[in-house]
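First comes the structure, then the notes that go with it.
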């Protein structure tokens, strides 16, 4: 019998909010009367934790960061939910493994989805009506590119995530 358990642990510190998402698949459940540990397998091949973390944003209050930021907008959360599901499907179709984003919000109530790979970061700012991106090298913020995504399809997915996951050392574009 296989069980899937997903844990979403949100640590909150004033001025900074981070969501740590872990996926755990219980491969073999043992009776609780024995002291033998459960056999678990870590996996990132699920979207449920991402969707749960997005849903949790609906509970954030105004001033969630103690700097006067507005709470995440429900319309931005819903747009991020739809976008994340499309992104997950494109990831699966391309044969790659889903890597959950770091999920947060900005001061205007937009949803922030972030991924990092080595010295690069990809940030997507999701509002109710558009999705903007920033591709940057963490060590040199002058080497960055930003833009607006009109749609997420196989081509834009490749442009964003192949850039993120390659080991090139300069030029964000």
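The values are calculated or read from the model by the stated rules, or taken from the named source; none is laboratory data. Every value quoted in this text rests on a predicted model; they were computed, and no experiment measured them. We place every Cβ from the backbone using ideal geometry, glycine too, and count neighbours over all the protein chains shown.
What to note about this one:
- Whichever residue in the range 91-106 is out of contact with any helix residue (DSSP H, G or I) (no Cβ under 6 Å at 6 or more places or on another chain) and modelled with pLDDT under 95 and, among such residues, is surrounded by the most Cβ atoms within 10 Å (Cβ to Cβ): 91
- The range 117-142, subset surrounded by fewer than 17 Cβ atoms within 10 Å (Cβ to Cβ), in contact with a strand residue (DSSP E or B) (Cβ under 8 Å, 6 or more places away or on another chain) and farther than 21 Å from residue 76 by Cα, residue modelled with the lowest pLDDT: 138
- Those residues of the range 73-90 which are more than 28 Å from residue 158 (Cα to Cα) and either under 16 Å from the mean Cα position of the chain (by Cα) or surrounded by fewer than 18 Cβ atoms within 10 Å (Cβ to Cβ) (or both), in sequence order: 74
- Index of the failed condition, residue 162 passing every other in (1) assigned to a strand (DSSP E or B); (2) out of contact with any strand residue (DSSP E or B) (no Cβ under 7 Å at 6 or more places or on another chain): (1)
- Tally, over the range 42-86, of residues that are touching a helix residue (DSSP H, G or I) at 6+ places or on another chain (Cβ under 7 Å) and not in a loop (DSSP other than H, G, I, E, B): 10
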